[in-house]
Structure formats: C-alpha cells, structure tokens
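K.L.:
This is the structure I want to talk about, given as structure tokens.
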Amino acid sequence: MDEPDALFDNDPPRPATAGGGGSLGATPDASAPLAVRMRPRTLEELAGQGQLRAAGSPLRQVIEGDQSLSLLLWGPPGTGKTTIASILSRHTGRHFVEVSAVSAGVKEVRAAIDTARNRLVRTGAETVLFVDEVHRFSKAQQDALLPGVENRWVTLVAATTENPFFSVISPLLSRSLLLRLESLTDDDVRRVMRTALSDERGLDGALEMDEEALDHLVRLAGGDARRSLTYLEAAAGAARSRGVERIDVEAAEAAVDTAAVRYDRQGDQHYDVTSAFIKSIRGSDADAALHYLARMVEAGEDPRFIARRLVILASEDIGLADPTALTTAVAAAQAVQLIGMPEAGLNLAHAVIALAVAPKSNAVTTAIAAATADVRAGKVGPVPAHLRDAHYAGSQKLGHGTAYTYSHDAPYGIAQQQYAPDVVADAAYYRPTEIGAEGGIKERWERVRRLIRGR
C-alpha cells in the first residue's frame, strides 16, 4: 500500500497550481479522503506541536496578528507542515498557491510570484505561497523565491523534512522564521484517530473500534497522523465489507496487510520479550536474539531502550572476553540517535549479532559486585600514605607521597607497592576467565598482580 509522506500534506481540498489559486481552508467534499476531511481548521485542532500552539508563540503571532512573515517549517513526515499552511490561509483570508518542489521549475516559481505581485497591485489581496519539500529545489529555484519574499509579494510557507541548514540557501533562511515541528507521540496519533471516529467530518460515530485494533494502527502509523487516518479509513472499509459495526484487529490487519504484534510496552509482554532478548544474546543464540529484536521493533518499542540494553549487556555479559563489544554497542546506540528508525534497525541488528556470537564473560560484573560488597561492608580503610596527594605545602612532613615509586621507573613499568587500603590489600576482585580475548588478559593480569604484591 502506498503511504502518504506527511500529515495532511500533498492533498489539499482544492489543489492549486503554480499559476492558479485556491484555498486549503475550503471545505472538502464528502467524498474526499478521511485525512483531507479531518484536516485541522485551527491551531487548537493541530495534533501535538504544543511549543508552536502556545500563547504568544511566533506562529500564533503570524496567524492571529495577520503578519506578513515567511515561514520555514522543518519536521518529520506527518507532523502538520501543510496543515499550518492551511490554517494560515484560512485565518488570514489570503489567496493560496501551492508549488511542489518535485515538479515545478524556476519558470513556474517566477510565474507564481509574478501572479501574486499583480494580484497584490490590482486588488490588494495577499498570497500564501506554499512550497512543499523545498529541500528538493536547486539553488537556482530557491534563488527565484527571494524577490517575492524580500518584497513581501508573497507570504512564503516552505516545508522540509531535511535539515534546512544544509538544504536551504542562507538568504532564504535569514528571511524566514524557522519553526521546528516535533514527531507526534503515540498519544497524539491516538487522539487524531479517536476524533476521526466520532467527528461528523469523519466517521461520525458510525463505527466503534477495539482498543487492540487502535493500538495496532497507532504503531503502524509511526507518528504520522495522515498515515494513521489513511489506515483508519481502510480499516473502516474492511469492517463494513464484513457487515459489522466495529473495527477489530482482524479488520485492521486486513486493511494494512500487516499482522498485529501482541506486545504491551508497559506490561508483562514488554518485560518477558526483553528478558528473552537479553538471555538469548547471553546464551549466544543470534537467531533467537534477532527474533526478539524484530518483535520489539515491529511492536514499536523505543529503539533507544533496545540500544541501552545492548550497551549494558556488552559489559555485563561479554566484558573483556571481546573488548570490541562495548564499542560496537555504543556505536549502535549513537547510530540510533543519529539516523533514526527504520534505517537504524540495521545498526541494532548488527550489534545484536556481534554481541550474540562474541565470547562471553561476566568477570567485569562479578568484579565490581565484589568490590561494592566490601565497600558496603565497611572495608574502606585509609588511603596508603605514599599514594596521598603530595602537591601542597607540608604534605611531605605528613609522609604523603614520600615512599611512592613511579611506575614508569620500575622494570616493565610495574612497581612493587601497595595500592589498596590495608583492609582489602589482599582482595582479588577481577578474576578473568580463559574465554576469548580474556584468556590473554588473565595470563598477563596474574603476572602483574604477583609483581605488584611481591609474590
């Protein structure tokens, strides 16, 4: 199934071309797609984006104060970029013209601006020029927008899903108010669908919906409100075709051709699947670990949570048996932050396989646990005098640092001297295994320990 890219984007009720006109604020026909019919009419109806809807916010000032100020809207698909253009057009009464960066060239851009300028001169009517996916415009095409923006022949509303500091020319950036739109939460998307179920513009209460089916569509929507309404409309059609008045999981599955994953991110399934995931990696079963990873990802689990668990596991269950394990896990966690889903799923799978097939050792875990147990038991004697700070006046009179042996002056760079307090001078917390790279570490550490302690 083709999925629209953005919240109420690219499908205005009365499409406008570069040389024509129209109004996104026009009332859509009853036969229009559900996502179009449910397009928010006011900022209060806009899903999420509390930072933009707040009293006194720049966006409110532009809309309610009817200021002629160009906007650059930057955010993920489905977060309300075209909706904001619709609200601006509706509330200011300005003529609306849409230019798609996918199909329009410099000629079309200039024609739209010339038409807007002539309209302003003849009738005094101002124009909102909406440019979707402005990051697809070449430098020349973006340059063509500048005269209209500078002279305020148009109120430019440009939308982009890419970082505008890399994809939009500096002159256009400096002449526009940059507004950052945040991803919609699951609760935001859930409210959008609940409203569509009951609103007269939507399904008008004709159908009810099971919570499990609603959760399934929320998960598949991936924070995209338009996509969620597209799925809801398809699920409603599936329910009606079966002659029922309730959208259940079966109807939702049929509508989007994706099986529902039974997974409660706050309940037993979350903890059970996570536990099985960690134990599978610890047990070196890469296949099972990938199965549980797929279940968590498909159920909409926060990828940052998965990455954090991998970072912990790298030290807890692998440690120095494979010194690269922690590096791999941290790199995957950083990739999740840098790239985002779904592409970062590859990075998570990479890390899961690497950690699962790596040699295992819990020596790091038992070492810090043993040291912590001694500290909690009160074994915290004074620091040996020769290790204490000797960089202040009078410290040598106290014997601080006077008997310290500089390790680099000793044979092999290892000096025989006591480092731990007397109470734990003979403690042996780190007990490396002979597994993987830790086998070599074990042999060296035992020699080093004997040299340090003079044995």
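All of the numbers you see were taken from the coordinates with simple rules; none came from a lab. As the structure is a prediction and not an experimental result, all values here were calculated from the model. Reconstructed Cβ throughout: ideal geometry from the backbone, glycine too, with neighbour counts over all protein chains shown.
K.L.:
Which is the longest stretch in the chain that no exposed loop site breaks, taking sites as chymotrypsin sites (Phe, Trp or Tyr not before Pro) with a DSSP loop state and at most 12 other Cβ atoms within 10 Å? Intermediate results must be reported in sequence, preceding the final value.
P.N.:
On the way: sites that count: Y392, Y406, Y419.
The segment 1-391 is the longest one with no such site.
K.L.:
Please work out the Cα center distance from the stretch 138-177 to the stretch 434-454, rounded to the nearest Å.
P.N.:
For the stretch 138-177 versus the stretch 434-454, the Cα centre distance is 63 Å.
K.L.:
Tell me, I312, I281 in order of fewest to most beta-carbon neighbours within 10 Å? Walk me through the numbers on the way to the answer.
P.N.:
Values: I312 13, I281 30.
Going from least to most buried by this count: I312, I281.
K.L.:
Please report Rg (one decimal) and Dmax (integer) in Å for the Cα set of the stretch 186-256.
P.N.:
Using the Cα atoms of the stretch 186-256, the pair Rg, Dmax is 10.6, 30 Å.
K.L.:
Please identify the longest segment of the chain free of exposed GluC sites (Glu not before Pro), where exposed means a DSSP state other than H, G, I, E or B and no more than 15 other Cβ atoms within 10 Å. List each step's numbers first, then the result.
P.N.:
Values: sites that count: E162, E200, E245, E343, E434.
Counting at most 15 other Cβ atoms within 10 Å as exposed, the longest clean stretch of the chain is 1-161.
K.L.:
Two decimals is fine: what's Rg over Rh for the stretch 66-207, C-alpha atoms, Kirkwood radius as Rh? Kindly include the intermediate steps, with their values, before the conclusion.
P.N.:
Numbers: Rg = 16.7 Å, Rh = 16.1 Å.
The Rg/Rh ratio comes out at 1.03.
K.L.:
Take every Cα pair under 8 Å in the chain that's 6+ residues apart, average their separations, divide by the length, and report that relative contact order as a whole percent. Provide the component values of the computation, followed by the final result.
P.N.:
Details: 748 pairs, mean separation 52.7, N = 455.
It rounds to 12 percent for the chain.
K.L.:
A further question on this structure: Tally the DSSP beta bridges in the chain and give the antiparallel ones as a percent, rounded to 5.
P.N.:
Numbers: 1 of 21 bridges.
Bridges in the chain are about 5 percent antiparallel.
K.L.:
Restricting everything to alpha-carbon atoms, can you work out Rg to Rh for the chain with a Kirkwood hydrodynamic radius? Present the calculation step by step, with values, prior to reporting the outcome.
P.N.:
Details: Rg = 31.3 Å, Rh = 26.9 Å.
In the chain, Rg relative to Rh is 1.16.
K.L.:
Just to confirm the filter: which trypsin sites (Lys or Arg not before Pro) across the stretch 186-234 are DSSP coil and have at most 15 other Cβ within 10 angstrom of their Cβ?
P.N.:
On the way: sites: R190, R191, R194, R201, R219, R226, R227; in loops: R201.
Listed in order of number, the matching sites amount to none.
K.L.:
Rounding to the nearest 10 and keeping the result within 0 to 90°, find how far the Cα-based axis of helix 438-453 lies from the longest principal axis of the chain.
P.N.:
Value to nearest ten degrees: 50.
K.L.:
OK, next. Compute the helix-to-body angle for 303-313: its Cα long axis versus the longest principal axis of the chain, expressed 0 to 90° and rounded to tens.
P.N.:
10 degrees
K.L.:
In degrees, nearest 10, range 0 to 90: what is the angle between the Cα axis of helix 81-92 and the longest Cα principal axis of the chain?
P.N.:
40 degrees
K.L.:
Can I ask one more? So how do L181, L326 line up by other beta-carbon neighbours within 10 Å, fewest first? It would help to have the intermediate numbers written out before the result.
P.N.:
On the way: L181 23, L326 20.
Taking fewest neighbouring Cβ atoms as first place, the list is L326, L181.
K.L.:
Taking amide hydrogens as modeled 1.01 Å from N in the peptide plane, which residues meet the under 5 Å criterion relative to L177, leaving out close sequence neighbours?
P.N.:
S70, L71, L72
K.L.:
Can you give the calculated 222 nm mean residue ellipticity of the chain, where each DSSP H run of n ≥ 4 adds -39,500 (n - 2.57) and the sum is split over every residue, rounded to the nearest 500 deg cm²/dmol?
P.N.:
Working: 19 runs with 214 residues, N = 455.
Counting only the DSSP helices, I get -14500 deg cm²/dmol.
K.L.:
Got a sec? How would S89, S176, S407 order by Cβ neighbour count within 10 Å, fewest to most?
P.N.:
Values: S89 27, S176 21, S407 12.
The order, fewest Cβ neighbours first, is S407, S176, S89.
K.L.:
Okay, next question. Which log10 I(q)/I(0) values does the stretch 268-357 give at q = 0.22 Å⁻¹ under the Debye formula, counting every alpha carbon as one identical point scatterer?
P.N.:
-1.03
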